[in-house]
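Readers should treat all values here as calculations from the given coordinates under stated rules, not as data from a laboratory. Bear in mind that the values here come from a model prediction, so they are computed numbers and not experimental data. For neighbour counting, all protein chains shown are included, and Cβ atoms are generated from backbone atoms with ideal geometry for every residue, glycine included.
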């Protein structure tokens, strides 16, 4: 089978160097071929060892959220990106923001800018679900409640010491809609308190949402 046709099977996903070497097992200089494909635009190198197939081959676009999940892991999409995805903030977000248990990281790639904030392991795994963006592209994204909590945790210098201050942050700073906040699952948010950094600020946030 033509090697480019083989690549099409991976058009809606990402390829590691090991996968490419398997596809090029019968090629005498597989690394040279990989570099050639990158120069030709057949492959897009996202970081060392990770590639996407060019959309010019007529393949399904690889979703930015999938790139974010696989570029640096374990991770899930959260913060402003997830807030915008769920329609909780009015701003359009261009940088894809995620959180991870690993140190903070920033990648500037041909497919966009991807940033990662570090969270404690015990808190990291809470409130995360899988979202299907296409038949073959399933990604990890924070729930509405979790991405708001992550935003609070990851915003340097932010401490909520009263319900009034919490409401100012939600409405004035984030410009969130009150009707949407009323639908938040405060019980789930309370269940995360034992593992959450900025516990006192989180309490004020939860109480503010409960009071709506």
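Once the chain from residue 179 to residue 156 is taken as fully extended at 0.36 nm per residue, the excess over their C-alpha distance is 5.6 nm. For residue 168 and residue 18, the difference between the fully extended length at 0.36 nm per residue and the C-alpha to C-alpha distance is 49.0 nm. Residue order for 76, 85, fewest other beta carbons within 10 angstrom first, comes to 85, 76. Relative to the dominant Cα principal axis of the chain, helix 144-154 is inclined by about 90°. The mean sequence distance of close C-alpha pairs (under 8 Å, at least 6 residues apart), as a share of the length of the chain, puts its relative contact order at 16 percent. Entry note, the chain: the mean residue ellipticity at 222 nm calculated from DSSP H runs of n ≥ 4, each adding -39500 (n - 2.57), is -10000 deg cm²/dmol after division by the residues and rounding to the nearest 500. In the chain, the longest principal axis of the Cα atoms and the axis of helix 199-210 are about 80 degrees apart.
Per-residue Cβ neighbour counts within 10 Å put 117, 164 in the sequence 164, 117, beginning with the fewest.
What whole number of Å gives the distance from the Cα centroid of segment 78-119 to the Cα centroid of segment 153-212? So the two Cα centres are separated by 20 Å.
Modelled spin-label separation between residue 101 and residue 131, with each label point placed 7 Å from Cα along the Cα-to-Cβ direction: 2.3 nm.
Taking the fewest neighbouring Cβ atoms within 10 Å as the starting point, the ordered list for 108, 102 is 108, 102. For a Förster distance of 41 Å, can you work out the FRET efficiency between the beta-carbons of residue 92 and residue 28, rounded to the nearest 0.05? My answer for the efficiency is 0.30.
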